[in-house]
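Note sheet for the following structure.
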Amino acid sequence: MHNLRLATDRVEDILIPPGGIFSFWHVIGSPSARRGYQQGRNIINGRLQADYGGGLCQLAGLLYHLGLQAGLTIVERHPHSLDIYEDHERYSPLGADATVVYGYKDLRLQNPYPHSLWFRFQLAENQLQGKLWAEQEIPLWIVRFKTTKTTTTSTTVITYRQQRELLEHLGKVTYKKE
């Protein structure tokens with residue numbers, strides 16, 4: 001929660017101008033001890049390990065999901081390589097994740113609208129909520145994460161989003177199971 005608080009403070013109210021690209025790492029910066037981040041859970045080389053900035057993927061996943069619902073252009077997004085949760089433990093649907101690794105994997109979202117956008121957050125003891133704000137009303141996209149194949153070693157998820165008659169297939173990801 002400490003790392004999420006530091007990161008949401010940096011992201012909140014940053015304007016994304018028309019055509020502008022929001023870069024997670026450009027806004028957050030290096031998640032180091034010197035910058036106040038604590039060690040937390042990270043997936044490194046396919047294994048859970050402690051590292052500075054652990055837990056920031058929860059924020060990246062929330063931003064990705066908000067971006068999908070708002071119709072933003074997903075310029076860069078990386079799924080996790082490993083599914084570490086059981087279905088009843090998930091804080092978001094499988095497929096709504098975005099892993100970020102400083103200097104290597106970023107989350108970048110582009111504003112396709114003719115007006116600025118920004119994020120706002122509420123952080124409670126065990127809960128992070130986010131909203132995307134806009135200067136004018138924007139359409140809500142319906143996002144679906146459809147599990148298409150599950151085995152003892154992996155799960156495959158296809159992501160779609162729809163707004164009225166427009167249906168976008170956004171990709172397919174296969175997650176290894178821990």
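Screening the candidates Arg108, Arg90 for the property of being modelled with pLDDT of 90 or more and either within 24 Å of Pro18 (Cα to Cα) or of a type outside the set (Gly, Ala, Ser) (or both) yields one hit, Arg108.
Every condition in (1) more than 15 Å from Leu62 (Cα to Cα); (2) surrounded by 16 or more Cβ atoms within 10 Å (Cβ to Cβ) holds for Trp118 except the one numbered (1).
From the list Gln136, Gln122, which residue is over 27 Å from Ser81 (Cα atoms) and either in contact with a strand residue (DSSP E or B) (Cβ under 6 Å, 6 or more places away or on another chain) or touching a residue at least 40 places away in the same chain (Cβ under 8 Å) (or both)? Being over 27 Å from Ser81 (Cα atoms) and either in contact with a strand residue (DSSP E or B) (Cβ under 6 Å, 6 or more places away or on another chain) or touching a residue at least 40 places away in the same chain (Cβ under 8 Å) (or both) holds for just one of Gln136, Gln122, which is Gln122. Checking each residue in the range 59-105 for being in a helix (DSSP H, G or I), closer than 19 Å to Arg144 by Cα and in contact (Cβ under 8 Å) with a residue 12 or more places away in the chain picks out Ala60, Gly61, Leu62, Leu63, Tyr64, His65, Leu66, Gly67, Leu68, Gln69, Ala70. Note on the range 30-58: among residues that are under 16 Å from the mean Cα position of the chain (by Cα) and in a loop (DSSP other than H, G, I, E, B), the one that is modelled with the lowest pLDDT is Gly53.
From the list Gln162, Gln129, the one residue that fits, being within 23 Å of Gln58 (Cβ to Cβ) and not aromatic (Phe, Trp, Tyr), is Gln129. Taking the conditions (1) within 15 Å of Gly71 (Cα to Cα); (2) touching a residue at least 40 places away in the same chain (Cβ under 8 Å) in turn, Arg164 satisfies each one other than (2). Scanning the range 139-178 for residues that are charged (D, E, K, R) and not in a strand (DSSP E or B) gives Arg164, Glu165, Glu178.
The values are calculated or read from the model by the stated rules, or taken from the named source; none is laboratory data. Because the structure is a prediction, the values reported are computed rather than measured. Counting neighbours? That spans all protein chains shown, and the Cβs are built from the backbone with ideal geometry, glycine included.
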